[in-house]
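This report refers to the structure that appears directly beneath it.
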Amino acid sequence: MVFLVLCAGSPGWAAQGLTFLGPEGSLAPAPFEIAVVRSDEGRTSAARAPSLTAEGAALTAAHHEGILWRWTVTPRPGAREVRLVAHDGALTASARYALGPPTDQVALTLTPAHPVKGRDREATLDVHLRTAAGTPDAEAPPPVLRANVGTLESLERVGPGAFRARYLLPATRYPEVVVLVAFSAWPSPASLEGAAGSLVVPLATAIDLPGRTEPGAKMAIEISGQTFGPVRASGDGHFQIPVVVPPGHRFGRGTVVDRIGNRRVEKVDLALPPTDPLACVMTPRTIPLETGTARVLCATTDPYGVPVDAASVTLTAQRGQLTGPERAGRGLLEWRYRAQGTEVAPDHLEARWRRGGPLAKESLTVNLEQGPAQRLRVTTPEPLVFRGGSVPLEIDARDALGLPRPGVLLEAHASEGSFPPWKALGPGRWEGRYTPVGTGEAGEARLTVAAFGPLGTEPASLRAWLEGGEVRVAVVDLAGLPVPSEPLSIDGRPVTTDAHGLAAFPATDGAHRIAHRRWPGLRSRVYVLENGHRLFPSSTPVRPAQATLDVSIAPPVPVNVRLRVDGRHVRCWAEDAQGQVLPDRPLVVGLSQGTHTAETRAGGITSFEVQGSDAVMVSVADRQTGVTAIAEVKP
């Protein structure tokens, strides 16, 4: 018996026996493909009748394709590893695949720990990503940061598993509670997998508190155990005391000492609004129509910013589906949102905590994104064009759901002639014109129009497929839109996707590694087989939607006579080579039989209705040149 152990990181073929073809590194707990081939000194062939068993996953039935025996592996819920064993007669091979993100812990610290509005404009947020063993996750990609108020910017790596960002305090002057969240999204910034950490920070505010008391008296105010002042009132009794007010404190304790030493204590209304005890964040904020998912995290605090557990928060969405909540930490609740329907407009979510008071409500918005253009149609009302003239074209682009797809990149080619710039008519619709070469004989032109994209902005996955003797690679977002200018590594060689989000390399047999240089968890291992004729695994290609239209080309004419039939109603006119109606051109109308109603003329267009119940041939001729158009009017 030959027994071969192959871990997921092994890139090559077995010297002799069975070889697993599959991904490498830690995998998301989602279905993935695996294949088995027979190998002998670097040469691959099909196994005879292999069987496959799995621990920690379910398997589909084997699928035989070329030299490959393929299975889809679906990890079981909660599994952290999948083990596979393949048998083919006396040959045996095994493989192990780790599941789940390497980062297990996310810790956040803010410096200063309690920034004060009106005194501090920004603070420094440090994020530390650690493995389950508590060691820094040196390969962790940058975390996705969210804040319910204020702004997070300038994220940078400062060490193994350590990142730093600037937190800009909100411009409002009243005290409030900020919730800072770091999602260690994996393997891409748009993923829901990965650990999350949060930090609840009470933001106090520094103000000059005005008031009025006895002229010349000394005034001091105690707020949250801290005394400010005393200051002496002016001759008319006015005073101002610089104070720092933490969230939740609407009143202070004022002490007044008059000129002769009399002391009194009074309650001082700070005239500040109550604290909002509910804060929510969402990631990602843009997801695909119908199937997109997002995480929603809500924090509940008391008026002073102390987390409150077991709060009864309700979260509703106008159109999407919500599951949860689940406890996500002290005072934290988490939901999963799933998009539903085909309405492109953003969906709005609202969270409420009734016991938190009238301010305990939050509104969130998630943008729903269409996929790329997949259906394209190009039409013209005039399939015949004369040299020296042009014909109008209309383009209709739609996504896989049949919805109009605006924003695509249009490219048009013709076997001869040219196209002026396209003009948008509405979502997914454009108009333009086709102009053949001005001189020459009669012929035909094939018009080809392609609609690419639109382009995405945030990488979510890699795709690879065979085309033209190359392996084409695309970086796409959650909706499948290609992302341009993304840094990749292909077999250790740095590559950047082009303006269409694509890259390529020669289809030479063997294993090839593709990885994102900023998001190391976003990687793929593909195998070129059978002298460059097969790729495993192979993704859905990222190609433009295309449509063709054949147009007949006629020699140039001085005028063109147009004739339109709608039932028994006829409209006719003469136009120049550019399709402009000639308003004063006399026309002669003839019928093969029967009569027609009186002719009416408006804007150079003549109209009439053919009478009788039989089919009639209608001819319309330009009196000056004899150019004639003929059409049949049917009963």
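Computed from the coordinates by the stated procedures, all read-outs in this text should not be read as laboratory data. For clarity, every value in this text was computed on a predicted model and none was experimentally measured. We place every Cβ from the backbone using ideal geometry, glycine too, and count neighbours over all the protein chains shown.
For the peptides 33-41, 173-181, residues were scored by their other Cβ atoms within 10 Å and the scores averaged per peptide; the highest-first order is 173-181, 33-41.
Once the Cα gyration tensor of the chain is found, what semi-axes does its equivalent ellipsoid get, as square roots of 5 times the eigenvalues, in whole Å, sorted largest first?
63, 45, 20
Net charge dipole, the chain: roughly 1760 debye, given to the nearest 20, about the Cα centre with Cβ charges of +1 for Lys and Arg and -1 for Asp and Glu. Within a straight-line Cα-Cα reach of under 16 Å, LYS267 can be paired with the following aspartates and glutamates, leaving aside sequence neighbours fewer than 8 residues apart in one chain: GLU214, GLU222.
Tally Lys and Arg at +1 and Asp and Glu at -1 over the other residues with C-beta under 13 Å from the C-beta of GLY432: what net charge comes out?
-1
If only the Cβ of Lys and Arg carry +1 and only the Cβ of Asp and Glu carry -1, the dipole of region 371-556 around its Cα centre is close to 580 debye.
What is the sum of charges, Lys and Arg at +1 and Asp and Glu at -1, for the other residues whose Cβ falls under 14 Å from the Cβ of VAL495?
+2
How would you rank 622-630, 445-453, highest first, on the average number of other Cβ atoms within 10 Å across their residues?
Those peptides, ordered most packed to least, come out 445-453, 622-630.
In terms of the mean number of neighbouring beta-carbon atoms within 10 Å, the peptides 573-582, 190-199 order highest first as 190-199, 573-582. If you take the Cα centroid of region 426-477 and the Cα centroid of region 194-269, the two points sit 67 Å apart.
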